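**Student:** So that we are looking at the same thing, I have put the structure below in structure tokens.
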């Protein structure tokens, strides 16, 4: 759509400042977001969008515009907001804040209420750049992952639709309500999990025994804390898959799990045998137990990343199924 001539001229005059502001804010926030595993998105509002915004009649002067440049930080759940706000306040000059507690909303209404922070480049940084940089207010939206996903899905379907449709707005509100409910469950995940009715599942019970058994070895100081797995769930998954590779009868898997735990405990308590090497990993120690005569197990059908430490530290001289790496010569 064509924009008024004066608006076009002002926009063109402001564009270099907005681009420089965009570069500065992105250089400041993107590394922080990358380090925290947040998503960072930004944009400079285009002339057409700006013209439509001003046609709303809600703005009386150029200085009222606070999102000519705007960015979004996507966080996992609302509890991360305080940390992001602290970072914004240390990096820029705060002008305004509209958080979830400010927006008035009836209990039966579900609409966008994400945190919006408004700021300017601090005076020292602005002084080293083009005149006028210190006067530009920009917006930072802090959204949860689910709010961001909802915005992506519904924005064009509802807010850029070619008609005014009560049903679309109603459906968008229902989706927002679903997102809010999901986030409530995530925030109170541990408490909510206590209310879930458990169904028997032998595989999960076996993995729970593996985790509790090996945690007990650590509690008894039979294994150095250096070898605590980064993820107990992943360790249990891998150990269970190892047991399944040599025990094909599902009915015998529980007893095979117990046999492995008993064999590990016997070896760990045998003072004549060396303990698990602290330069290795707990799972590779389990491989050595399965490879020993202590249990009715073997490594014949389990794929292993071979390395010199298997023989030197764990006594595994032969690996029947090796993980294959690309040929370095190719």
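No lab work stands behind these numbers, since they all come straight from the coordinates. Note that the structure is predicted; figures quoted are calculated from it, not measured. Glycine gets a Cβ as well: all are built from the backbone with ideal geometry, and neighbour counts include every protein chain shown.
**Student:** Counting other beta carbons within 10 Å of each residue's own, what order do 207, 215, 167 fall into, fewest first? Kindly include the intermediate steps, with their values, before the conclusion.
**Tutor:** Numbers: 207 19, 215 13, 167 7.
Fewest-to-most ranking of 207, 215, 167: 167, 215, 207.
**Student:** Round to the nearest 10 and give me the degree value, 0 to 90, for the angle of helix 81-91's Cα axis relative to the longest principal axis of the chain.
**Tutor:** On a 0 to 90 degree scale, this one is about 60.
**Student:** Also, quick follow-up: Please arrange 204, 121, 133 by counting, for each residue, the other beta carbons lying within 10 Å of its beta carbon, fewest first.
**Tutor:** 204, 133, 121
**Student:** Next question, about the same structure. Name the shape class, rounded, prolate or oblate, that the alpha-carbon gyration tensor gives for the stretch 5-190, where a ≥ b ≥ c are the square roots of its eigenvalues, rounded holds for a/c under 1.5, and otherwise prolate holds if a/b is larger than b/c and oblate otherwise. All intermediate terms of the calculation are to be shown ahead of the outcome.
**Tutor:** Values: a/c = 2.16, a/b = 1.27, b/c = 1.70.
It comes out oblate by the Cα gyration axes.
**Student:** Continuing with the same structure: Can you work out the FRET efficiency for the pair residue 246 and residue 218, with r the C-beta to C-beta distance and R0 = 25 Å, to the nearest 0.05?
**Tutor:** Rounded to the nearest 0.05, the efficiency is 0.45.
**Student:** Run through every distinct alpha carbon pair of the chain and return the Kirkwood hydrodynamic radius in angstroms, one decimal place.
**Tutor:** This gives a value of 25.6 Å.
**Student:** Here's something else I'd like to know. For the chain, what does the helix formula give at 222 nm: sum of -39500 (n - 2.57) over DSSP H segments with n ≥ 4, over the residue count, nearest 500 deg cm²/dmol?
**Tutor:** Per the formula, -15500 deg cm²/dmol.
**Student:** I've got another one for you. With a ≥ b ≥ c the root eigenvalues of the C-alpha gyration tensor of the stretch 25-92, is it rounded (a/c under 1.5), prolate (a/b larger than b/c) or oblate?
**Tutor:** prolate
**Student:** Follow-up question, since we're still on this one. Given a Förster distance of 22 Å, report the FRET efficiency between residue 283 and residue 32 from their Cβ-Cβ distance, rounded to the nearest 0.05. Working shown, then result.
**Tutor:** Working: r = 34 Å, r/R0 = 1.56.
The formula returns an efficiency of 0.05 here.
**Student:** Using the Cα gyration tensor of the stretch 202-322, with a ≥ b ≥ c the square roots of its eigenvalues, what is the shape: rounded (a/c below 1.5), prolate (a/b larger than b/c) or oblate (neither)? Don't skip to the end; give the middle numbers.
**Tutor:** Values: a/c = 1.45, a/b = 1.07, b/c = 1.35.
It is rounded, given that a/c, with a ≥ b ≥ c, falls under 1.5.
**Student:** Between 46, 67, 309, where does the largest GNM mean-square fluctuation fall for the chain, given springs only between Cα atoms within less than 10 Å?
**Tutor:** Highest fluctuation among the options: 309.
**Student:** State, as an integer percentage, the relative contact order of the chain based on alpha-carbon contacts under 8 Å between residues 6 or more apart.
**Tutor:** 11 percent
**Student:** Now, a different point. What length, rounded to one decimal in nm, is gained on full extension from residue 205 through to residue 63, with 0.36 nm per residue of separation minus their alpha-carbon distance?
**Tutor:** On the way: separation 142, 0.36 × 142 = 51.12 nm, distance 6.31 nm.
Full-extension gain reported as 44.8 nm.
**Student:** Here's a follow-up. Quick one: angle between helix 145-154 and the longest Cα principal axis of the chain, in degrees between 0 and 90, rounded to 10, please.
**Tutor:** Compared with the principal axis, the helix lies near 50 degrees.
**Student:** Hey, another quick one. Where does helix 253-269 land angle-wise versus the long Cα axis of the chain, in degrees 0 to 90, nearest 10?
**Tutor:** 80 degrees
**Student:** While we're looking at this one, here's another question. Going by how many other Cβ atoms sit within 10 Å of their own, how do 186, 73 line up, fewest first?
**Tutor:** 186, 73
**Student:** Here's a follow-up. Between residue 237 and residue 195, what FRET efficiency follows from the Cβ-Cβ distance if R0 is 25 Å, with the result rounded to 0.05?
**Tutor:** 0.50
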